[in-house]
Amino acid sequence: MNRQSSLEFSTPGRGTSDITDAVARVVAESGVQTGLVHVFVQHTSCSLTITENADPDVRRDLDTILGRLAPDGDPAYRHDLEGPDDMAAHARSVLTDTGVTIPIGRGRLLLGTWQGIFLWEHRTDAQVRHVIVTVLGD
Amino acid sequence: MNRQSSLEFSTPGRGTSDITDAVARVVAESGVQTGLVHVFVQHTSCSLTITENADPDVRRDLDTILGRLAPDGDPAYRHDLEGPDDMAAHARSVLTDTGVTIPIGRGRLLLGTWQGIFLWEHRTDAQVRHVIVTVLGD
Amino acid sequence: MNRQSSLEFSTPGRGTSDITDAVARVVAESGVQTGLVHVFVQHTSCSLTITENADPDVRRDLDTILGRLAPDGDPAYRHDLEGPDDMAAHARSVLTDTGVTIPIGRGRLLLGTWQGIFLWEHRTDAQVRHVIVTVLGD
């Protein structure tokens, strides 16, 4: 039994948006009791991550850390067609995840208490992002 | 044909534990011949990785590298409720993997000769960690 | 309905090879209309990533960034049996992905316009790499 949905999210620029509820809705509608849900962004300058859902400072600190690992406007970059955040965004996407997979049990997402699914925008400007959610199982 | 198991591991604090055999057991018990096994930690301060299984210095060096990318007690962190390793552990979890997926063929994990599946504790103190293993296939 | 293929790629040493077409062929041959395809490298010193497929400078910049995060020949490494790129390659593998999963819809890979699937060699010398492609779905 499979189900696939295409979701659209507007991001306000760099930072994280909690999409756990949207993914949980697709799982509930699928009727799958035991299986997997896969979440995928069709872009190369944003990403997905599963991280702490309680204290927003965690996501702020994660942006601080990525800002060191792949800084904006680094003079070593050759790819800067769309501005100083262009290559930094591609690199941050690669260092995190284009897709995440979460187990489903008893018809529900088997996330831990403190886990949320976040869409992570790495461009500084607002964007519209497309996400494919696929459910496989019984 | 699906099978899902919940496993529990005690970690002695920061470092890696080889959980390949535990995952292989769930695969063997599932009877699945061709498919995928997904392994997922229900936590945001430890992670999973597939890496070299022969020389323990590899995992030691990986901890050294993560210690530079996301150092303990960085003054830039705002989130430090649980101590200097708190935010560092969340960041190391995000830079590695909350879940890994491995192909199954002829009823066995299709890992390469030098690949092992490791539970990677990022907190300095001992923890109990919950892992969900889900097998999908025929 | 499942299908699994073992692919072999020769890499010319450090850098990326676009394997999107080879993965798409396995998906087409599977006949699966809705589902997931999982791509897995059986090695610990190369990796897979989904990134920008248009401007090769993006992949060059990604190598530059990884070269800072996990430099060759770092004196802190204990594992250097196979040369200065040995531990750096393991670390770059862990910071990127051993496996990637892509949704399938209407029998095709649901990649975004600018997304490609790349095999990323982290060793400096040429290698032969084995990749397992597994398709699950209806």
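Derivation of every value follows stated rules applied to the coordinates shown; laboratory data play no part. Remember, it's a predicted structure, so these values are computed and weren't measured experimentally. Glycine also receives a Cβ, built like all others from the backbone with ideal geometry; neighbour counts cover every protein chain displayed.
What translational D, rounded to a whole number of µm²/s, comes out for the range A:1-79 from Stokes-Einstein when the hydrodynamic radius is the Kirkwood one over Cα pairs, at 10 °C and 1.306 mPa s? Here the translational diffusion coefficient equals 103 µm²/s.
Between B:GLY137, B:LEU48, B:ALA91, the Cα set farthest toward the positive side of the dipole of the range B:2-137 (charges on each charged residue's Cβ, about the Cα centre) is that of B:GLY137. Each other copy places its own label point for C:TRP114 at 3.5, 3.5 nm from this one, sorted shortest first, where the point lies 7 Å along the Cα-to-beta carbon line. Counting Cβ atoms of other protein chains within 10 Å of each Cβ in B:53-64 and taking the mean gives 5. Most mobile of B:THR51, B:THR64, B:THR16 per a Gaussian network model of chain B (Cα springs, under 10 Å)? Sorting by GNM fluctuation, first place goes to B:THR64.
Rounded, prolate or oblate: which fits the protein assembly as shown, taking a ≥ b ≥ c as square roots of the Cα gyration tensor eigenvalues, rounded meaning a/c under 1.5, else prolate when a/b beats b/c? Rounded, because the longest to shortest axis ratio a/c is under 1.5. Counting Lys and Arg as +1 and Asp and Glu as -1 over every other residue whose Cβ lies under 15 Å from the Cβ of A:ALA126, the net charge comes to -2. For C:SER10, the label point sits 7 Å beyond Cα toward Cβ; its separations from the matching points on the remaining copies run 5.3, 5.3 nm, from shortest to longest.
Computed over every Cα-Cα pair of chain B and binned at 10 Å starting from 0, the pair-distance distribution P(r) comes out as 12, 41, 30, 13, 3, 0 percent. Put simply, the amide H of B:ASP80, placed in the peptide plane, has no neighbours under 5 Å, leaving out anything fewer than 5 places away on its chain.
Could you tell me the calculated FRET efficiency between C:ASP125 and A:ASP74, based on Cβ-Cβ distance and R0 = 22 angstrom, to the nearest 0.05? About 0.20, to the nearest 0.05. In chain B, the DSSP-assigned H stretches of four residues or longer account for a calculated mean residue ellipticity at 222 nm of -8000 deg cm²/dmol, using -39500 (n - 2.57) per stretch and the full residue count as denominator.
When only the Cβ of Lys, Arg, Asp and Glu is charged (+1, +1, -1, -1), the dipole of the range A:2-137 relative to its Cα centre reaches about 580 debye. Spin-label pair A:ASP57-B:ARG60: with each label point 7 Å from Cα along the Cα-Cβ axis, the two points sit 3.5 nm from one another.
Net charge of the neighbourhood of B:SER45, taken over other residues with C-beta under 9 Å away and scored Lys/Arg +1, Asp/Glu -1, is -3. Inter-copy label distances at A:ASP55, shortest first and taken from points set 7 Å along Cα to Cβ: 3.8, 3.8 nm. With a 10 Å cut-off around each Cβ of C:79-87, the average count of Cβ atoms from other chains is 3. Restricting the trypsin sites (Lys or Arg not before Pro) of the range B:94-138 to loop positions (DSSP other than H, G, I, E, B) with no more than 15 neighbouring Cβ atoms within 10 Å leaves B:ARG106. Magnitude of the charge dipole for the protein assembly as shown, about its Cα centre and with charges confined to Cβ atoms of Lys, Arg (+1) and Asp, Glu (-1), is about 1240 debye.
Look at the alpha carbon pairs under 8 Å that are at least 6 residues apart: their mean separation over the length of chain C gives a relative contact order of 54 percent. For the pair A:ARG25 and A:GLU82, the difference between a 0.36 nm per residue extended length and the Cα-Cα distance amounts to 17.0 nm.
Charge tally around B:VAL27: other residues with Cβ under 10 Å, Lys/Arg +1 each, Asp/Glu -1 each, net +2.
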